[in-house]
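S.K.: Here's a structure for you.
Every number here is computed from the coordinates shown, using simple stated rules; none is lab data. Please read these numbers as outputs of a predicted model, since none were measured by experiment. FYI the Cβ positions are ideal-geometry reconstructions off the backbone, even for glycines, and counts take in every protein chain you see.
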Amino acid sequence: MQILRRAEYAAVFLIVLWLYAQSGASWWLFVVLFLVPDLTMAGYAFGNRTGALVYNAGHSFLGVTALGLIMHLSGQDWLWPYVLIWAAHIAFDRILGYGLKYASAFQDTHLGRIGRN
């Protein structure tokens with residue numbers, strides 16, 4: 001099942017990369033911003049519960065979807081590259097097995113425990 005799940009996220013990642021290429025946005029922008037969602041790990045400085053909440057806010061497809069909807073409804077097409085970069089980051093994390101966090105520990109994710117036991 002894990003191989004299928006990772007393949008699905010790889011497909012999402014490739015589709016997002018294709019959409020980004022079609023957007024005409026700078027690949028330098030993509031490279032510079034790709035890891036920005038990982039700044040949400042700083043929430044763990046305030047404990048596991050806050051860390052999980054902040055991390056999940058930056059790593060949920062719900063946030064990407066909300067930004068895309070806001071972009072579409074407001075006609076702010078300049079946001080499209082940011083939506084795609086954010087979606088690419090999340091899909092890439094899921095390929096690697098990094099999921100949304102539980103408040104119990106950083107290693108406890110909705111995809112299973114990560115790291116060494």
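S.K.: To the nearest 10 degrees, how steeply does helix 48-58 sit against the main Cα axis of the chain, on a 0 to 90 scale?
M.R.: With rounding to tens, the tilt is 20 degrees.
S.K.: Oh, and also: Mind jotting down the distance between the C-alpha centroids of the stretch 1-62 and the stretch 95-111, whole Å?
M.R.: Each part's Cα centre sits 13 Å from the other's.
S.K.: From the list [x] 19, 18, 15; [y] 26, 17, 12; [z] 24, 14, 13, can you say which value of semi-axes √(5λ) of the Cα gyration tensor in Å was derived from the structure given?
M.R.: Of the listed options [x] 19, 18, 15; [y] 26, 17, 12; [z] 24, 14, 13, [y] comes from this structure.
S.K.: Angle check, please: helix 80-95 long axis (alpha carbons) against the longest principal axis of the chain (alpha carbons), in degrees 0 to 90, nearest 10.
M.R.: Relative to the chain, helix 80-95 is tipped by roughly 30 degrees.
S.K.: Please list, by residue number, every one of the trypsin sites (Lys or Arg not before Pro) in the stretch 46-117 that is coil in DSSP and has at most 12 other beta-carbon atoms within 10 Å.
M.R.: ARG116
S.K.: A follow-up question, please. To the nearest 20 debye, what is the magnitude of the charge dipole of the chain about its Cα centre, counting +1 on the Cβ of each Lys and Arg and -1 on the Cβ of each Asp and Glu?
M.R.: Taking the Cα centre of the chain as origin, the dipole is about 380 debye.
S.K.: Percent relative contact order of the stretch 1-115, based on C-alpha pairs within less than 8 angstrom and at least six residues apart?
M.R.: The normalised contact order for the stretch 1-115 reaches 33 percent.
S.K.: Can you tell me the 0 to 90 degree angle between the C-alpha axis of helix 2-23 and the longest principal axis of the chain, rounded to 10?
M.R.: Approximately 30 degrees, to the nearest 10.
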